[in-house]
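J.: Take this structure first; my questions come after.
The values are calculated or read from the model by the stated rules, or taken from the named source; none is laboratory data. Since this is a predicted model, take the numbers as computed values, not measurements. Quick reminder, even Gly has a Cβ in these numbers, built from the backbone with ideal geometry, and neighbours come from all protein chains shown. When the accessible area is computed, the model is the full protein with side chains, heavy atoms only, and any ligands, DNA or RNA have been set aside. Shrake-Rupley method; radii C 1.70, N 1.55, O 1.52, S 1.80 Å.
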Amino acid sequence: MKKHNFYAGPSIMPEFTKQKTAEAMIDFSGTGLSVAEVSHRSKEFVAVMDQARQLVKELLEVPEGYSVLFLQGGASLQFLMAPMNFLEKKAAYLNTGTWASKALKEAKTFVGPVVEVASSKDKNFNYLPKGFVIPEDADYFHYTSNNTIYGTEFFTDPVSPVPMICDMSSDILSRPVDVSKYILIYAGAQKNLGPSGATLVIVKNDALGKVTRPIPTMLDYKIHIDNDSMFNTPATVPVFGCLQTLIWLKELGGIPAVEKLNKAKADALYGEIERNKLFMATIPDPNDRSRMNVNFVMSPEYAELEKPFLAFAKSQGLLGLEGHRSVGGFRASLYNALPMESVQALISAMQTFEKEN
Ligand SMILES: *Cc1c(COP(=O)(O)O)cnc(C)c1O
C-alpha cells in the first residue's frame, strides 16, 4: 500500500532526493566510492557544497553581501550562535511557541537585556500576537516564521525598526522571503530541505564583527564564511541530500511554483476540516493558520473518536498524524515534498470516517 508521510520532522523528502542519494551512497559522481567515504575537500564534494549554496541564493533571491552556509548542530545551536554573534546591548524576541521560547531562553544566558515583545502563551500559542512594539535600540528582533508544533505561520515579513533574525526551520523555501530585511536566517534541514544533520544559515556579512565578546571559533559565523562551510568536516551526506532537493525545487519552478502548491494543499485540508462535522481546527483565526503544519482535533462531541481515527488513518497508509504531545489531536505536516495526492488521501479518509460514524 502507498504510504503517505505526514511526519513533522524528520519528514518527507522528494523521490528525486531519495533516489539520487541512494545512488550516490554506492557510486558518487563517477568516483566509484560512496559520497559518505570521500574527502569533503575532494573536488567532487566541494562542487556539491558550492552548488547547494549557489542554489539557495538563486531560489531565495539572496542579495549581494550575504553568505550561505551549511553548518551542524541544528536550529537549536543557532538559538545560541545568534546572540553570541549579534547581541551587544539589547535583543527583542517574539514568543510564539516551544521553539521561539527555546531561542529566547538561550539569548537570556547572555548579558542582555533580552526583551520578550509579546507572547501567545496565554492561549497555548494558538494565535500570532499583533501590534507589539519592538524597541528601536535593540540589536535585532528574533521570531519564528512557522510554529511547527502549534501550527501558526507568518506569511509576510514583520515590520521591524531593527534588523531581523528568523528561525525558518519549518517553512524555509515554501514561500518568498525578503532576505534583505534579515541579518540572519537559519533552518534545520529535516523539514523542507533534506536529511537531518545539516543546518542552513544565511547571514549578512557586514552585520558581523560588531560584538565585543570573544567568540569561540566553531561558534563564529565569520570563520565558517571564510572557510566556505568547510572549517571542519561538514555533514557531507545530508548536504548532498539538500542539494538534490534544491535541484528538484528549481525544476519544479522554484518558490512561486511550490508556494502555489502549498496554498492549494493547505486550502484543501483546512476546507475539509471546516466542512467535516467530526473535526475542528485548533487555530481559530484562518489568517494565522500554518500551511506547513495543519493542526486539528476531534469536535468536542466526538472526542472519543480520536484514537479510532488515528488507527483508521494508519490502516489507510496515512502516517505521522499524531499531534505533538503539548497540543494533542492531529497534525498533518504538508511540507514542500508532500504531494497533493497525499492530502487527497487524508481528506478521503476523513470523509469515509465521517460516513461510518
Ligand atoms: C524542528 C525545529 C527546531 C529544532 O531543530 P533541531 O534541528 O532539532 O535543532 C527549531 N525550530 C523550529 C521552528 C523547528 O521546526
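J.: Taking region 72-98, which residues are under 16 Å from the mean Cα position of the chain (by Cα) and either crowded, with 22+ Cβ neighbours inside 10 Å or among the β-branched types (V, I, T) (or both)?
T.: Across region 72-98, the qualifying residues are A75, Q78, F79, T96, G97, T98.
J.: Out of all the residues in region 322-338, is one or more β-branched (V, I, T), touching a Phe, Trp or Tyr at 6+ places or on another chain (Cβ under 7 Å) and over 30 Å from F28 (Cβ atoms)?
T.: yes
J.: Do we find a residue being closer than 26 Å to T236 by Cα and more than 16 Å from the ligand (Cβ to nearest atom) anywhere in region 86-103?
T.: Among the residues of region 86-103, not one is closer than 26 Å to T236 by Cα and more than 16 Å from the ligand (Cβ to nearest atom), which makes the answer no.
J.: Which condition breaks for V115 when tested against (1) away from the ligand (no atom under 16 Å from the Cβ); (2) within 23 Å of the chain's Cα centre (by Cα)?
T.: Looking at each condition in turn, V115 falls short on (2).
J.: Same structure, new question: Of the conditions (1) in contact with a Lys or Arg (Cβ under 9 Å, 6 or more places away or on another chain); (2) closer than 18 Å to K265 by Cβ, H324 fails just one. Which one is it?
T.: It fails just one condition, (2).
J.: Now for a separate question. Go through region 300-323 and report how many residues are among the aliphatic types (A, V, I, L, M), in a helix (DSSP H, G or I) and in contact with a helix residue (DSSP H, G or I) (Cβ under 7 Å, 6 or more places away or on another chain).
T.: 1
J.: Same structure again: Within region 109-138, can you find the residues that are in contact with a Leu (Cβ under 6 Å, 6 or more places away or on another chain) and crowded, with 22+ Cβ neighbours inside 10 Å?
T.: Passing the criteria: none in range.
J.: Mind listing just one residue for me: the one in region 1-19 that is part of a helix (DSSP H, G or I) and surrounded by fewer than 22 Cβ atoms within 10 Å (Cβ to Cβ) and, of those, nearest to the ligand (Cβ to nearest atom)?
T.: The extreme case among them is K18.
J.: Return only the number of the condition from (1) more than 15 Å from the ligand (Cβ to nearest atom); (2) among the charged types (D, E, K, R); (3) open to solvent by less than 50 Å² (accessible area, probe 1.4 Å) that E153 does not satisfy.
T.: Looking at each condition in turn, E153 falls short on (1).
J.: Being under 17 Å from H4 (Cβ atoms) and among the small types (G, A, S) is the filter; apply it to region 299-314 and report the residue that is most open to solvent (accessible area, probe 1.4 Å).
T.: So, considering only residues that are under 17 Å from H4 (Cβ atoms) and among the small types (G, A, S), the one most open to solvent (accessible area, probe 1.4 Å) is A311.
J.: Based on what the data block shows, is M230 part of a loop (DSSP other than H, G, I, E, B), of a type in the set (A, V, I, L, M) and either at pLDDT below 95 or assigned by TED's automatic domain parsing to the domain that holds G65 (or both)?
T.: So M230 passes the test.
J.: I need the full set of residues from region 159-173 which are under 15 Å from L94 (Cβ atoms) and either within 8 Å of the ligand (Cβ to nearest atom) or touching a helix residue (DSSP H, G or I) at 6+ places or on another chain (Cβ under 7 Å) (or both), in order please.
T.: If the condition is that a residue be under 15 Å from L94 (Cβ atoms) and either within 8 Å of the ligand (Cβ to nearest atom) or touching a helix residue (DSSP H, G or I) at 6+ places or on another chain (Cβ under 7 Å) (or both), then P163, M164, I165, D167, M168 are the ones that fit.
J.: Ok, one more. I'd like the full set of residues that are part of a helix (DSSP H, G or I) and either surrounded by fewer than 20 Cβ atoms within 10 Å (Cβ to Cβ) or without any contact (Cβ under 8 Å) to a residue 24 or more places away in the chain (or both), limited to region 274-298.
T.: E274, R275, P286, N287, listed by residue number.
J.: Which residue pairs have Cβ atoms closer than 7 Å, lie 6 or more positions apart in sequence or on different chains, and pair a first residue in region 111-123 that is assigned to a loop (DSSP other than H, G, I, E, B) with a second residue that is hydroxyl-bearing (S, T, Y)?
T.: Between residues of region 111-123 that are assigned to a loop (DSSP other than H, G, I, E, B) and residues that are hydroxyl-bearing (S, T, Y), the close pairs are S120/T96; S120/Y127.
J.: Do you know which of the residues in region 181-207 that are open to solvent by 20 Å² or more (accessible area, probe 1.4 Å) and not in a helix (DSSP H, G or I) is nearest to N146 (Cα to Cα)?
T.: Of everything passing the filter in region 181-207, K191 is nearest to N146 (Cα to Cα).
J.: Here's another thing I want to ask about it. Can you find a residue in region 64-73 that is at pLDDT 95 or above, part of a helix (DSSP H, G or I) and within 16 Å of the ligand (Cβ to nearest atom)?
T.: Within region 64-73, not a single residue is at pLDDT 95 or above, part of a helix (DSSP H, G or I) and within 16 Å of the ligand (Cβ to nearest atom).
J.: Which one of these does Y66 not meet: (1) open to solvent by 20 Å² or more (accessible area, probe 1.4 Å); (2) aromatic (F, W, Y); (3) over 16 Å from V239 (Cα atoms)?
T.: (1)
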